[in-house]
1. At 37 °C and 0.692 mPa s, what whole-number value in µm²/s does Stokes-Einstein give for the translational diffusion of the range 163-304, with Rh from the Kirkwood sum over Cα pairs?
2. Which links in LYS3/LYS91; LYS66/LYS210; LYS284/LYS318; LYS262/LYS400 stretch past 29 Å when you go from one Cα to the other?
3. Under 18 Å between alpha carbons, and skipping anything fewer than 8 positions from LYS125 in its own chain: which lysines qualify?
4. Shape of the range 191-246 from its Cα gyration tensor (a ≥ b ≥ c, root eigenvalues): rounded if a/c is under 1.5, otherwise prolate when a/b > b/c, or oblate?
5. Of TYR245, TYR43, TYR379, which has the largest mean-square fluctuation in a 10 Å C-alpha GNM of the chain?
6. Hey, fewest Cβ within 10 Å first, where do HIS347, HIS44 land in order?
7. Mind listing P(r) for the chain? All alpha-carbon pairs, 20 Å bins, whole percents.
8. Rounded to the nearest Å, what's the spacing between the alpha carbon centres of the range 63-95 and the range 256-313? Just the number, please.
Amino acid sequence: MKKTYTISEAAELIGKTPETLRRWDKTNKLNAIREPISNYRVYHKEQLEIFPEFSENQKSKQRSNKEIPVKDFSAIELFAGAGGLALGMEKAGIKCKVLNEIDKWACQTLRKNRPEWNVLEGDIKNFDFNKYHNEIDIVTGGFPCQAFSYAGKKLGLDDARGTLFYEFARVVNEVKPKICIGENVRGLLNHDKGKTLEGMISILDEIGYKVVSPVQVLKAINYKVPQKRERLILVGVRKDINIEYKYPAPDDKIYNLEDALKVGDLFDTDVPASAGAKYPDHKKEVLKLVPPKGYWRDLPLDIQKKYMQKSFYLGGGKTGMARRIGWDEPSLTLTCSPAQKQTERCHPDETRPFTVREYARIQTFPDDWEIVGSMSQQYKQIGNAVPVNLGKEIGYSVVKFLNDYYEKYNC
Ligand SMILES: C[S@@+](CC[C@H](N)C(=O)[O-])C[C@H]1O[C@@H](n2cnc3c(N)ncnc32)[C@H](O)[C@@H]1O
């Protein structure tokens, strides 16, 4: 949530005119402060919270992308992992007909939680999806990204052979869903100066899909996720369908670590106890000295040098190193292992990484979504996932598209 508001924003939120606020400023009834960079007059959120209209208006400003499906929509989820995207889609009302995943532990997670899901275990390249031709509304998949050579030519499907994007596109081509969604890291935007993404767009074009432009990177914090994670979302619409797809609208409310781990808007209870990794003693001694929201620069200089070693002299912020998260901020992006040196995210009060269930909460998995495998397998599956709430909001955007489709084409 925003921390400061301009005079006109504040006026709207508390139901007064800007003139009234200026008068109150002059008569010291409610003083605005100067924002140091812009020098605009602004109000702190706390100053406005004394007005009941403020919190009412804040609540109604939360946008909802919710759409009720007009019929049962079906999906195939590729590279399904522990099911973050599949569960999010399900929450939006889309049924997963088939899921594919190579990792045996992730497959067990999927089967444990949804025995009714048809989980195809194994390398995607060994599965033929032709039997689902024209039977499925949407194909989704977070294909791990491998480069392929673009070299300035218009790429065809065969040029990407051997990559997992090829497999994604092959399945889309076999199934011919109305819409397909590829999910990836932000880095794909600029990979090989944007040519890899351009190549993917041209391949989807060749197989009959127009990619929604510009391709957007969604920030999970804008979609009810207490984590600063970003995901590139590539949407292709089958070319015979003349309906606009719109990315889900971002929400104004930003959730933080407290919302993730304690009872509140996101969860009905505090986070349950669970297993969790520990820091080795030498790391614990160092992290003990870092305050909430702090990182390596908050350490005494001699300890900074000793802890960072060569990195100390290399420049750059390295804000993920020796980082302790604060209760009143979203978590930084979770990775596949919770105690890596570049990406430490220490608990705010205790000097330890987040437990498995805390990890799952930060990714907005419900507490009853069991993750199968050793502790490190569990962290990996959770760290790899699309946050469930982000998946749900993407799901609503697809439901809106499909509702429009079935209305327009009357089928
Ligand atoms: C980024 S994760 C997907 C996360 C998932 N969408 C979620 O929300 O939980 C990518 C997944 O692709 C799987 N994968 C990698 N290579 C594969 C292959 N050749 N065939 C099938 N799955 C594969 C990995 O095991 C991993 O679980």
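Where a number appears in this text, it was derived from the coordinates with a stated rule and is not lab data. Because the structure is predicted, anything quoted here is derived from the model rather than measured. Virtual Cβ from ideal backbone geometry, glycine too; neighbours counted across all protein chains shown.
1. Details: Rh = 19.1 Å.
For these conditions, the coefficient is 172 µm²/s.
2. On the way: LYS3/LYS91 31 Å; LYS66/LYS210 25 Å; LYS284/LYS318 19 Å; LYS262/LYS400 32 Å.
Long pairs (Cα-Cα over 29 Å): LYS3/LYS91; LYS262/LYS400.
3. Straight-distance partners of LYS125: LYS104, LYS176.
4. Numbers: a/c = 3.71, a/b = 1.47, b/c = 2.52.
Verdict is oblate for the range 191-246.
5. In the Gaussian network model the winner is TYR43.
6. Working: HIS347 19, HIS44 13.
Result, fewest neighbours first: HIS44, HIS347.
7. Spelled out bin by bin, the chain gives 24, 51, 24, 1 percent.
8. For the range 63-95 versus the range 256-313, the Cα centre distance is 34 Å.
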